Amino acid sequence: MGFGALRAALAALGLFSACSFAPPDIGHRSPAPVSNPSDGFTNFETEPVRPLALSTDGRHLFVLNTADDRLEIFDAQGASLRSVGETTVGLRPVAIATRGNEAWIVNHLSDSASVVDVSNPSRPRVIHTLQVGDEPRGIVVAGAKQDRVFVAMASRGESLTPGIGRAEVWVFDAKQPKAPPKVLRLFGSKPRALAVSPDGRFVYAAVFLSGNGTTVRLGRMRQLAFSKIPYSAMPKQGAIVRRMNGRWQDYQNRDWSAVVPFELPDSDVFVIDAAAETPQVLQSISNVGTVLFNVAVRPDNEIWVSNTEAFNSKPYESRLRGEFAENRVTRIIAANGEYQNQVVNLNAHINRDAPGSTGQRDLSLAQPTDLVFQPDGNEAYVAAFGSRKIGVLDRAGHVVDRVAVGFGPGGLALDAKRQRLYVLNHLGATITLVDVRTRRATATKHLRHDPTPTIVKEGRAFLYDAALTSRHGDLSCATCHVFGDFDGLAWDLGEPNGQRIDYPVALKNIGLSEPRQSLHPLKGPMVTQSLRGLAGTAPYHWRGDRFGIPYAPGDDVASFKDFNAAFINLMGRADGIPESAMQTFARFVLTIRYPPNPNQRLDRSSDPKQQAGFDFFTGTFLSDTGQQNCVSCHILPLGTNRLINFEGIQVGRDMKTAQLRNVYQKVGRFNIPGQQVTGFGLLHDGTFDTVVSFLRLDVFLFPGKTEAEKDITRRLLESISWLLIPAWHPR
């Protein structure tokens, strides 16, 4: 049976990971989310990492069609590309590396690596499928003899164990791919990009959402019983702090070291000895950037990292308007056995004190992703995913020119002999050919098949296109909601001169809320929420303050339209986008799904502790304030009843019942001395380190106040998913 037929058969049986939507037998359910926009396609907004590669002889171009789960091969010898072969691989392939007549591919959704024999480009075939860890993103071939393959992925589990890394690089023997790999753990969150030194001796691994050394200080954690605050009182807030001059300081340089017990090494790029008898991590490099997209090594061994830097330590929306992040390339230069960073702003032309103009936006480069060098290292090219452009950089990293390409350029490959740059436009499903001598696009080739539904194609511009959506053309919603997810940071987007937001009485969780029905304009730090899985969860924001005007109960689109104000107040536009555009934007965002939860079994059955947690969560014991059980508010499978509650004196405010489907990702911060992977954990401001710590609040009641019920509840919460079987590949 061919893979396509096998996939269809498995889908029909409810056994295929990305196409199975049979819910578990849960007695308490949220309203059903909107249906998928197109049968057979589920939108995870999976982004390419390094989706292009040339064959060793330069005659063929290998292209990953991420949306179609496919490797496409083109003859690259003519003036334009000619399709010669293709094969299906795993689910959502994102990166490719070549070794002789083999193409090694990592599949982000199916947690696998496909080894493809490309000796006959017209008939490529998968010869090995290797199961790896969760959500692999990067892959390279390295070692003195090019005999090792390195794969970067997230490290899951061990949520209660402090002091360990949450990123892994697996090292495979290229000649014996089925042999157990060597696993290297990195002290960071999930990694994205890998690059190799020219001699193959070193591999450089960049952490994706590496952070910038910021965190939210702990408040006075008073162990008080459930109570209420006066109507006029400003809600309790934390403060975003950063380590400066040996102290944890906020934006006003106040010292909060007494309430931040830990350290954040902010390890961004790791150096791996790929040629050692046993590959090992040599050291890490800090202060590279906040969100690291890709890494490239210049022929003289200088390391370049495309990244964005977030300015989240600055409070209030009005101060951040049109200038909350910077698009950069960081040059990492080795000197005297140490590494020094030089940051290059890709948008030095922008005058932040002046209104944006069309001419200014035409020059801007937003969300830099892939990077490639000329063989002499004198020129580099960077894909600006949010600008439909390629930036041409000189040896110092300064922008010297820009080339217009397609929508969402996310992959580059340079044919130095022909002086031709290939650009994969991920969002447009096209390949642009650029003559780097004239710096002009010469041809465009469509991928053979793009299964992306029209509703997704039409709405993506409002998430990614910085020229369309921001004042200066350098920022977009995706700057923080990175590829539709989050940036792993907290932001204080309150407004000192703002107005209270009155919310409808229908949103009150009667019995667990204040008499008031308004939300204070100073909301304090709140972690960026994902755009995944919004369908069926309105109203939006941590406080539920995006509920649609006039209020329409359960109307996801109406609630999402309330975000139009952000195009003015945060993105810096003079006005919002048209209502019809917000409708298009909303319909697209509501298609984005969470990936399968890696803490679930492949058949979605529960292990004994998860089942015990489910029984307690949905049982008769009134664990929440002695008034109701957990599932009364956190209705499964989404985890929310959409209502607003008063969250107790330690939170000190009204908050919407939070959904629970990405709890397993919020790990790595522990409120104890020592080094931490991230500064942000659970709850709206990221100050809680573990689910168990949160459940120790006095607002919760447990039989006998034992730890057992807290632990089984944690096991359940860390395994909640949205109707999807954990990813696997049937080959």
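Considering only residues that are buried (at least 20 other Cβ atoms within 10 Å of the Cβ) and of a type in the set (Gly, Ala, Ser), look in region 143-153 and name the one that is farthest from the chain's Cα centre (by Cα). Here the answer is Gly143.
Inside region 363-392, residues that are under 28 Å from Gln77 (Cβ atoms) and among the hydrophobic types (A, V, I, L, M, F, W, C) make up a count of 8. Would you be able to say whether some residue in region 273-282 is under 27 Å from the mean Cα position of the chain (by Cα) and under 17 Å from Ile332 (Cα atoms)? Yes, region 273-282 contains at least one residue that is under 27 Å from the mean Cα position of the chain (by Cα) and under 17 Å from Ile332 (Cα atoms). State yes or no: is Pro375 farther than 18 Å from Leu292 by Cβ and assigned by TED's automatic domain parsing to the domain that holds Thr290? Yes: the conditions hold for Pro375.
Selection within region 65-78: residues that are outside any strand (DSSP E or B) and in contact with a strand residue (DSSP E or B) (Cβ under 7 Å, 6 or more places away or on another chain). The member of this set that is surrounded by the most Cβ atoms within 10 Å (Cβ to Cβ) is Thr66. Counting only residues that are of a type in the set (Ser, Thr, Tyr) and surrounded by fewer than 22 Cβ atoms within 10 Å (Cβ to Cβ), region 413-434 holds 1 of them. Does Phe567 satisfy the criteria of being without any contact (Cβ under 8 Å) to a residue 60 or more places away in the chain and crowded, with 20+ Cβ neighbours inside 10 Å? Against the criterion (without any contact (Cβ under 8 Å) to a residue 60 or more places away in the chain and crowded, with 20+ Cβ neighbours inside 10 Å), Phe567 does not qualify. Looking only at residues of region 388-401 that are part of a loop (DSSP other than H, G, I, E, B) and small (Gly, Ala, Ser), we find that the one that is farthest from the chain's Cα centre (by Cα) is Ala396.
When you look at Asp556, is it farther than 30 Å from Arg217 by Cβ, charged (D, E, K, R) and in the same structural domain as Gly639 (by TED's automatic domain parsing), yes or no? Answer is yes for this residue.
Taking residues in region 550-563 that are at positive phi, and partners anywhere that are outside any helix (DSSP H, G or I), the pairs with Cβ atoms closer than 8 Å and at least 6 places apart or on different chains are Gly554/Pro31; Gly554/Ala538; Gly554/Arg642. Candidates are the residues of region 611-642 that are surrounded by fewer than 15 Cβ atoms within 10 Å (Cβ to Cβ) and under 14 Å from Arg714 (Cα atoms); the one that is nearest to the chain's Cα centre (by Cα) is Gln611. Selection of region 532-553 for residues being under 27 Å from Leu218 (Cα atoms) and of a type outside the set (Lys, Arg) yields Tyr540, His541, Trp542, Gly544, Asp545. Per the conditions (1) surrounded by 17 or more Cβ atoms within 10 Å (Cβ to Cβ); (2) within 27 Å of Asp575 (Cα to Cα); (3) of a type outside the set (S, T, N, Q), the sole criterion not satisfied by Gly410 is (2). When region 123-137 is limited to residues that are over 17 Å from the mean Cα position of the chain (by Cα) and surrounded by 13 or more Cβ atoms within 10 Å (Cβ to Cβ), the one that is farthest from Met153 (Cα to Cα) turns out to be Arg123. Of all the residues in region 354-387, those that are surrounded by fewer than 24 Cβ atoms within 10 Å (Cβ to Cβ) and part of a loop (DSSP other than H, G, I, E, B) number 10.
In this structure, is Ser719 of a type in the set (S, T, N, Q), at pLDDT below 90 and in contact with a helix residue (DSSP H, G or I) (Cβ under 7 Å, 6 or more places away or on another chain)? No, not satisfied.
On the basis of being surrounded by fewer than 23 Cβ atoms within 10 Å (Cβ to Cβ) and farther than 18 Å from Leu433 by Cα, does Arg92 make the cut?
No: the conditions fail for Arg92.
The values are calculated or read from the model by the stated rules, or taken from the named source; none is laboratory data. Please read all numbers here as calculations on a predicted model, not as lab measurements. Because the Cβ atoms are built from the backbone with ideal geometry, glycine has one as well, and the counts that use them run over all protein chains shown.
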